[in-house]
1. Quickly run through the range 119-146 and pick out the residues that are touching a residue at least 12 places away in the same chain (Cβ under 8 Å) and under 60 Å from the mean Cα position of the chain (by Cα).
2. Of the residues in the range 127-148, how many are more than 19 Å from H170 (Cα to Cα) and either among the hydrophobic types (A, V, I, L, M, F, W, C) or not assigned by TED's automatic domain parsing to the domain that holds Q165 (or both)?
3. So, in the range 351-386, of the ones that are assigned to a loop (DSSP other than H, G, I, E, B) and free of Cβ contacts under 8 Å to residues at least 24 places away in the same chain, which residue ends up nearest to V37 (Cα to Cα)?
4. So which residues in the range 334-350 are hydrophobic (A, V, I, L, M, F, W, C) and under 21 Å from V37 (Cβ atoms), if there are any at all?
5. Name every residue in the range 167-205 that is within 30 Å of S78 (Cβ to Cβ) and not in a helix (DSSP H, G or I), in order of residue number.
6. Given the conditions (1) of a type outside the set (S, T, N, Q); (2) touching a residue at least 24 places away in the same chain (Cβ under 8 Å); (3) more than 30 Å from E231 (Cα to Cα); (4) not in a strand (DSSP E or B), and given that F70 satisfies all but one, which numbered condition is not satisfied?
7. Please go through the range 309-327 and give me each residue that is of a type in the set (D, E) and in contact (Cβ under 8 Å) with a residue 40 or more places away in the chain, ordered by number.
8. Just give me the residues in the range 57-67 being in a strand (DSSP E or B) and farther than 17 Å from M228 by Cα, in sequence order.
Amino acid sequence: MLRILSLAAIIAITLLAVKLLIAFKPPPKNETREAQVTRVQTVIVSAKTLKPTLQVTGRLEPARRANLYFQIPGVITSVKIEPGQRVEKGEALLMIDSDDYRDRLRETQAMLQQETTGIERDRELLALAIHNEQLSQAEVDRLGKLGSKLSSQSSLDAAQQKLTQLRGEHLRLKFALDTAQQRLTLKKTARDKAQRNVERTTLRAPFDGLVNRVIVDPGDYATTLSGMAVEIIDAQLEARFDLPASVVKGLQPGAQLMVRIDNKAYDGTLVAIQPDPDATTATHPAHIAVNAEQLIPGQIALIELPTAAASDATVAPVSAILNDDGKFSLFVVEQNRLQRRRITPGIRHNGWQQIREGVEPGEVIVARDVAALADGQLVEAEVIAE
């Protein structure tokens, strides 16, 4: 019984303590929290002239490439060059056996000389035949005037027969001289062809350049169907690349362009642009001459191409632009609050974005770190230098 009374007393004391704590609890303090302000860096929208460039990639190739082969058959007797060797225009590279071709040249030369001499002989014979014909005609006329009493009929017949023979010789020689020029042309043509074939026994460099490949060896038999015997490339290099249609109108052959190769800048001259675009890529093949002795074919070249400039363009830093699935916007600061504006962007160059619509020069916008900002947000603006 005593234990029950003690437990009841403890419970009663505990309840009394709780009531006293609740009764004497201090009133809650009335706290006020100040609104949080975000510090942002801003710039003033301005107008600039943008002259953007377009960078395209090309590859260095020889300006010219010649695949040389023999135009006549023969056994190769001499190979005077090796790959990588520098050659000059007209320099002998390969030779085939020329004996048969030189014999043919001497034969045609002799035939031409024989024909020329024969024509001179026929010219003298024609003059003699004309003279004899005139004498024979005079004899026939004389015998005809004497009549049958003073001359026999046989003498007159013989004179007329001789006159006929002389006239035939006259006509033959005249025909020979009339066709002499054609015969001379045939003989000269044969002589000239033989001369060219002798020259073709030696394969020569068509321009100053480098030997790229040698396909044949001494002792090989070359024919007109054998294909390439040696390949010569030009020491002058060109960067070949494809141009988009957007920049073709602003470029003309002869334009000076900058070409970067292995992080070094070189001066280049635009040589040509194909007017009709490639049917597959819709681009215009072009090539630029690059002068530098240390460059080699196959190196990658980066070409800086000027594009259409924008004068007095309203611009903002690229870092100020938000791109939400192709919808562009930025934040304008008005009375320390952000206003999100939809904009229409234009060209971009050197960290600046042209703004065609949405803001005007003189307005203050947030310059960077815009992804975490919100429309209507309270900010503290810090103007930074452009």
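The values are calculated or read from the model by the stated rules, or taken from the named source; none is laboratory data. The structure presented is a predicted model; accordingly, all values stated were derived computationally and were not measured. Cβ sites come from the backbone with ideal geometry, for glycine too, and all protein chains shown count toward neighbours.
1. At the first step, the residues of the range 119-146 found to be touching a residue at least 12 places away in the same chain (Cβ under 8 Å) are 119, 122-123, 125-126, 129-130, 132-133, 136-137, 139-140, 143-144.
I119 - this is the single residue of the range 119-146 that is touching a residue at least 12 places away in the same chain (Cβ under 8 Å) and under 60 Å from the mean Cα position of the chain (by Cα).
2. Residues that pass the stated criteria total 2.
3. Step one: filter the range 351-386 for residues assigned to a loop (DSSP other than H, G, I, E, B), giving 351, 358-363, 367-377, 384-386.
Still in the running and free of Cβ contacts under 8 Å to residues at least 24 places away in the same chain: 372, 385.
On the way: A372: 14, A385: 22 Å.
Among those residues, the one meeting the criterion is A372.
4. Looking only at the range 334-350, we keep the residues that are hydrophobic (A, V, I, L, M, F, W, C), and these are 338, 343, 347.
Matches in the range 334-350: L338 only.
5. At the first step, the residues of the range 167-205 found to be within 30 Å of S78 (Cβ to Cβ) are 189-205.
Result: T201, T202, L203, R204, A205.
6. With respect to (1) of a type outside the set (S, T, N, Q); (2) touching a residue at least 24 places away in the same chain (Cβ under 8 Å); (3) more than 30 Å from E231 (Cα to Cα); (4) not in a strand (DSSP E or B), F70 is out only on (3).
7. To start, the set of residues in the range 309-327 that are of a type in the set (D, E) comprises 312, 324-325.
Answer for the range 309-327, where residues must be of a type in the set (D, E) and in contact (Cβ under 8 Å) with a residue 40 or more places away in the chain: just D312.
8. Start the filter on the range 57-67 by keeping residues that are in a strand (DSSP E or B), which leaves 57-62, 65-67.
Listed by number, the residues that qualify are T57, G58, R59, L60, E61, P62.
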